[in-house]
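Structure first, then comments.
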Amino acid sequence: MIYITGDIHGSEDIHKFSVSCFQEQKQLTRSDYVIICGDFGLVWERNSPHDRYWLSWLDEKPWTTLWIDGNHENFDLLKEYPYEEWKGGRVQKITDNIIHLCRGSVFDIDGTSIFAFGGAESHDKQYRKLGRSMWEEELPSEEEMETGRRNLEAAGWKVDIVVTHSLPLHIQNQLFRHLDYGKNALNDYFDEIDQRLDFRLWFSGHYHKSIEFDKKHYLIYDNIVRLNENGFERIYPLSEYSRDI
């Protein structure tokens, strides 16, 4: 089975993986996957007992954790992990059971094709310090975006699932026009992908909301959903998606 959820921000929002919240985990194995849509935040501080504790806690969960990067990651530390190929795409294994899905890859996970592309622009830059709490790599390079195009071309511009941290620009503008998210090359890129790609579902983190924009695009935060042949079903919490902002 494949599950999808939103940001965990290190240990701040990791509570949703507790047994009391995510009871279904009792039946899961390493052949089941939980995908985090950015702001993983547990590769943050070198030699941190706090990070080591929570990485170990997550590593001991019965499933395999997959994650895309958000804007709140320590990219200097992350790039020290070696790259390898896994299920058709490029990854970095933080542990054997915690795997970073690299930008622009298309993965085949148990017959489900997934396009993964992390990154977003911090809209609170005035409160952050470059190289300490913010990194230039939070936005992708042209090479990373071209890698995504090339991999989607190889897939015939058709996948089942898209997981990103930020949104296509036209959706972000409709939902958050009153907030200062701004315009950047990544949101424009996602507009391009959204127009060209044949896909079933697109999940984005970043905005700390759980919203059904339409029948294909979903913002996800604390919620955990399980993919199925008809789309997905909510595992935690059990309330319906809200269209309210």
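Laboratory data are not the source of any read-out in this text; all were calculated from the coordinates shown. None of these values were measured; they are calculated from a predicted model. Using ideal geometry, Cβ is built from the backbone for each residue, glycine included, and neighbour counts are taken over all protein chains shown.
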Point to revise | Exposure proxy ranking, count of Cβ atoms within 10 Å, fewest first, for 112, 29 | key: 29, 112
**Study point:** Average Cα contact separation per residue, the chain, under 8 Å, 6 or more apart, as relative contact order %
**Key:** 20
Review point. When DSSP beta bridges are limited to those with both residues in the chain, what percentage is antiparallel, rounded to the nearest 5?
Key: 50
Check your understanding: Over what distance in Å are the Cα centres of the range 1-63 and the range 65-93 separated?
Key -> 15
Check your understanding: Where the only charges are on Cβ atoms (+1 Lys, Arg; -1 Asp, Glu), what is the dipole of the chain about its Cα centre, to the nearest 20 debye?
Key -> 320
Practice item. Select from 220, 35, 14 the residue whose mean-square fluctuation is largest in a Gaussian network model of the chain (Cα-Cα springs shorter than 10 Å). Key: 14
Check your understanding: So what are the ³J(HN,Hα) numbers for the range 173-181, from phi and the Karplus equation (6.51, -1.76, 1.60; θ = phi - 60°), rounded to whole Hz, Gly and Pro as x?
Key -> 5, 5, 7, 10, 4, 8, 10, 8, 7
Practice item. Treat the count of other C-beta atoms within 10 Å as a stand-in for reagent exposure and order 180, 222, 108, 39 from fewest to most. Key: 180, 108, 222, 39
Study note, to complete from the structure: Labelled set (1) 18.9, 57; (2) 16.7, 45; (3) 19.4, 60; Rg and Dmax of the Cα atoms in Å computed from this model equals the value at (2)
Review point. Once phi is turned into θ = phi - 60°, what whole-Hz ³J(HN,Hα) does the Karplus curve with 6.51, -1.76 and 1.60 give for every residue of the range 147-159, x standing for Gly and Pro?
Key: 4, x, 4, 5, 5, 6, 4, 5, 8, x, 6, 8, 9
Revision key, fill the gap. With -39,500 (n - 2.57) per DSSP H segment of 4 or more residues and division by the full residue count of the chain, the 222 nm estimate, nearest 500 deg cm²/dmol, is -5500 deg cm²/dmol
